[in-house]
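Quick one: the structure is below, and I'll ask about it shortly.
A short reminder: the numbers here are calculations on the coordinates, not readings from a lab. All values derive from a computational prediction rather than experimental measurement. Note that each Cβ is placed from the backbone with ideal geometry, even for glycine, and that neighbours are counted across all protein chains shown.
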Number of protein chains: 2
Amino acid sequence: MHYLNKDDLQAMERLPRVNLINSLSGYKSANLIGTKSNDGKTNLAVFSSVIHLGSSPALLGFIMRPPVVPRHTYDNISATKLYTINHIHTEQIANAHQTSGKYPEDISEFSACDFKEEYFEDFAPPFVSESRIKMGMRLVEEIPIPSNDCLLIVGEIQHLLLSDDYQKPNGSLDLNQAETVAISGLDSYHSTQHLRDMPYVSKKSLEL
Amino acid sequence: MHYLNKDDLQAMERLPRVNLINSLSGYKSANLIGTKSNDGKTNLAVFSSVIHLGSSPALLGFIMRPPVVPRHTYDNISATKLYTINHIHTEQIANAHQTSGKYPEDISEFSACDFKEEYFEDFAPPFVSESRIKMGMRLVEEIPIPSNDCLLIVGEIQHLLLSDDYQKPNGSLDLNQAETVAISGLDSYHSTQHLRDMPYVSKKSLEL
């Protein structure tokens, strides 16, 4: 068995520690978040922290690191209350990861990283045209996480756009068919292979 | 293109809606959370909401639904401030999913679902012996999410136990080698296939 305690982790050099800790939660979602500033500049950034929060209302969250450096995604969401979440699929990995570069404010990651902006009805922020599963979000609340000054950004789904009919008979989307990828650590991208769907564990089925 | 707006989502029947919304964030982590009550009863429950929050200190979070029904995991964490997070690997899927059944308080999911308790030094809650990547956690804070009365439970890693040396040269763990699985929706389990690791996008590398 290999063992590290809290002090061993803290004593590691920064980069190996960041890589290690980032891989400990397990697989993470892979999304591009699109925003537009009030003066019309678009922004796109890769996030591995988008999570499900609830289905009625339909809420998703993501983690925003402390705003100690310019964070255009955060600034635009704070100012406009709107953003898009777009699944990353297998063919988009290199371009999606490239959005993590620190581009100047006047450069849009859409053009710098070869994504096409797509607009839907009167919803202001851009969707990623190439993505297959995308959502228009309205900011509901920003929740501070005191222990490390991050923010949990909570938003409600306003629009759900699917490039194909990915719904399975039970209502869920077939993410394999959409080729949505998963992330581990900071930078490791994976496709998935469906193993099995498990039935709801009813009270009756408990083998007591 | 297939399209649903906020009202379409809200108008869906409960189960298809829950299944659909749960699949929209993308792939989710697959973990078993182990706890022990102050009077020595152990509990084990599958969670797909464990997320990375920060690496210094090493913080993981997970979402706890509103405590309107008995939630033994929550009660034990509140009372003891300690818990374990254990990755689910491919061979554990059926037993891990079975822990989502509503077992009475005096039945431990460890025995009901065929997992072996493992104890490390003087850390009170049980680890899952069969898991390959497992962490002993100390509760740091419970953060209310006002928009749907869920809680974000934040904990710091105290112990990291690995059944093998899964560390890659950059420090991150090779989750493919550990056969850690990913979840989509409520009940769909997937193995992964590594596609590529992307380099850090340096300022220099920006193609402006």
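In the range A:187-208, which residues are touching a residue at least 24 places away in the same chain (Cβ under 8 Å) and more than 7 Å from chain B (Cβ to nearest Cβ)?
Those that are touching a residue at least 24 places away in the same chain (Cβ under 8 Å) and more than 7 Å from chain B (Cβ to nearest Cβ): none in the range A:187-208.
Do you know which of the residues in the range A:98-138 that are within 11 Å of chain B (Cβ to nearest Cβ) and among the aliphatic types (A, V, I, L, M) is farthest from A:Val69 (Cα to Cα)?
Across the range A:98-138, the extreme among qualifying residues is A:Ile133.
Quick check on this structure: which one of B:Leu24, B:Leu4, B:Leu59 is within 19 Å of A:Ile63 (Cβ to Cβ) and assigned to a strand (DSSP E or B)?
Numbers: B:Leu24 fails: assigned to a strand (DSSP E or B); B:Leu4 fails: within 19 Å of A:Ile63 (Cβ to Cβ).
Step by step, each of B:Leu24, B:Leu4, B:Leu59 is checked, and only B:Leu59 is within 19 Å of A:Ile63 (Cβ to Cβ) and assigned to a strand (DSSP E or B).
Filtering the range A:147-191 down to residues that are more than 19 Å from A:Ile51 (Cα to Cα) and in contact with an Asp or Glu (Cβ under 7 Å, 6 or more places away or on another chain), which residue is surrounded by the most Cβ atoms within 10 Å (Cβ to Cβ)? Full working, then the answer.
If we filter the range A:147-191 for residues that are more than 19 Å from A:Ile51 (Cα to Cα), which is where we start, we get A:147, A:163-170, A:177.
Narrowing further to those that are in contact with an Asp or Glu (Cβ under 7 Å, 6 or more places away or on another chain): A:147, A:166, A:168.
Numbers: A:Ser147: 17, A:Tyr166: 20, A:Lys168: 18.
So, considering only residues that are more than 19 Å from A:Ile51 (Cα to Cα) and in contact with an Asp or Glu (Cβ under 7 Å, 6 or more places away or on another chain), the one surrounded by the most Cβ atoms within 10 Å (Cβ to Cβ) is A:Tyr166.
What is the residue count in the range B:35-86 for residues that are touching an Asp or Glu at 6+ places or on another chain (Cβ under 8 Å) and farther than 27 Å from A:Leu151 by Cβ?
8
State which residue is nearest to A:Gln158 (Cα to Cα) when the search covers only the range A:76-106 and only residues that are touching a Pro at 6+ places or on another chain (Cβ under 8 Å) and part of a helix (DSSP H, G or I). Please lay out each step first, then the result.
Initially, the range A:76-106 is screened for residues touching a Pro at 6+ places or on another chain (Cβ under 8 Å), giving A:76, A:80, A:82-84, A:105.
Now drop any that are not part of a helix (DSSP H, G or I), which leaves A:76, A:80.
On the way: A:Asn76: 17, A:Thr80: 14 Å.
Step by step, filter the range A:76-106, then rank; the result is A:Thr80.
In the range A:144-167, which residue that is at the interface with chain B (Cβ under 8 Å from one of its Cβ atoms) and of a type in the set (A, V, I, L, M) is farthest from A:Arg132 (Cα to Cα)?
Restricting to residues being at the interface with chain B (Cβ under 8 Å from one of its Cβ atoms) and of a type in the set (A, V, I, L, M), the top hit is A:Ile145.
Shifting gears a bit: Report, ordered by the first and then the second residue, all pairs with beta carbons closer than 7 Å, sequence separation of six or more or different chains, a first member in the range B:119-142 that is closer than 14 Å to B:Thr73 by Cβ, and a second member that is hydroxyl-bearing (Ser, Thr, Tyr) and crowded, with 17+ Cβ neighbours inside 10 Å.
Once the first residue is closer than 14 Å to B:Thr73 by Cβ and sits in the range B:119-142, its partners that are hydroxyl-bearing (Ser, Thr, Tyr) and crowded, with 17+ Cβ neighbours inside 10 Å give B:Pro125/B:Thr35; B:Pro125/B:Tyr83; B:Pro125/B:Thr84; B:Pro126/B:Thr42; B:Pro126/B:Thr84; B:Met137/B:Tyr83; B:Met137/B:Thr84.
Sticking with this structure for a sec: For the range B:162-208, give me each residue that is small (Gly, Ala, Ser) and under 22 Å from B:Glu91 (Cβ atoms). If you could, list the steps in order and put the result at the bottom.
Within the range B:162-208, the first condition is being small (Gly, Ala, Ser), and the residues that meet it are B:163, B:171-172, B:178, B:182, B:184-185, B:188, B:191, B:202, B:205.
Scanning the range B:162-208 gives B:Ser163, B:Ala178, B:Ala182, B:Ser184, B:Gly185, B:Ser188, B:Ser191.
Another question about this same structure. In the range A:48-66, how many are in contact with a strand residue (DSSP E or B) (Cβ under 8 Å, 6 or more places away or on another chain) and surrounded by fewer than 19 Cβ atoms within 10 Å (Cβ to Cβ)?
Here the count works out to 3.
Something else about it: I'd like to check something: does the range A:104-114 contain any residue that is buried (at least 23 other Cβ atoms within 10 Å of the Cβ) and among the small types (Gly, Ala, Ser)? It would help to see each step written out before you state the result.
We begin by selecting, within the range A:104-114, every residue buried (at least 23 other Cβ atoms within 10 Å of the Cβ); these are A:109, A:113.
So of that shortlist, the ones also among the small types (Gly, Ala, Ser) come out as none.
For the range A:104-114, residues buried (at least 23 other Cβ atoms within 10 Å of the Cβ) and among the small types (Gly, Ala, Ser): absent.
Something else: Are any of the residues in the range A:122-136 within 30 Å of B:Glu142 (Cα to Cα) and either hydrophobic (A, V, I, L, M, F, W, C) or touching a Lys or Arg at 6+ places or on another chain (Cβ under 8 Å) (or both)? Break it down stepwise before answering.
We begin by selecting, within the range A:122-136, every residue within 30 Å of B:Glu142 (Cα to Cα); these are A:135-136.
Okay, now just the ones that are also either hydrophobic (A, V, I, L, M, F, W, C) or touching a Lys or Arg at 6+ places or on another chain (Cβ under 8 Å) (or both), so A:135.
Taking every residue of the range A:122-136 in turn, at least one turns out to be within 30 Å of B:Glu142 (Cα to Cα) and either hydrophobic (A, V, I, L, M, F, W, C) or touching a Lys or Arg at 6+ places or on another chain (Cβ under 8 Å) (or both).
Looking only at residues that are touching a Leu at 6+ places or on another chain (Cβ under 9 Å) and at the interface with chain A (Cβ under 7 Å from one of its Cβ atoms) in the range B:168-180, which one is nearest to A:Pro199 (Cα to Cα)?
Residue satisfying both the conditions and the ranking: B:Thr180.
Do we find that A:Val46 is outside any loop (DSSP other than H, G, I, E, B), of a type in the set (A, V, I, L, M, F, W, C) and touching a residue at least 60 places away in the same chain (Cβ under 8 Å) in this structure?
no
Okay, moving on. So, in the range A:19-47, how many residues would count as being surrounded by fewer than 21 Cβ atoms within 10 Å (Cβ to Cβ) and of a type in the set (Val, Ile, Thr)?
Counting residues in the range A:19-47 that are surrounded by fewer than 21 Cβ atoms within 10 Å (Cβ to Cβ) and of a type in the set (Val, Ile, Thr) gives 1.
Could I ask something else about it? Starting from the range B:4-33, keep only residues that are at positive phi, then list their pairs with residues that are of a type in the set (Lys, Arg) whose Cβ atoms are within a distance under 9 Å, requiring at least 6 positions of separation or different chains.
B:Gly26/A:Lys28
Within the range A:140-158, can one find any residue that is within 11 Å of A:Thr84 (Cβ to Cβ) and of a type in the set (Ser, Thr, Tyr)?
Pass one, the range A:140-158, residues within 11 Å of A:Thr84 (Cβ to Cβ): A:155, A:157-158.
Of the ones still in play, those that are also of a type in the set (Ser, Thr, Tyr) are none.
No, the range A:140-158 contains no residue that is within 11 Å of A:Thr84 (Cβ to Cβ) and of a type in the set (Ser, Thr, Tyr).
Evaluate the following for B:Asn31: is it more than 7 Å from chain A (Cβ to nearest Cβ) and among the polar types (S, T, N, Q)? Spell out the reasoning first.
Values: more than 7 Å from chain A (Cβ to nearest Cβ): no; among the polar types (S, T, N, Q): yes.
So B:Asn31 fails the test.
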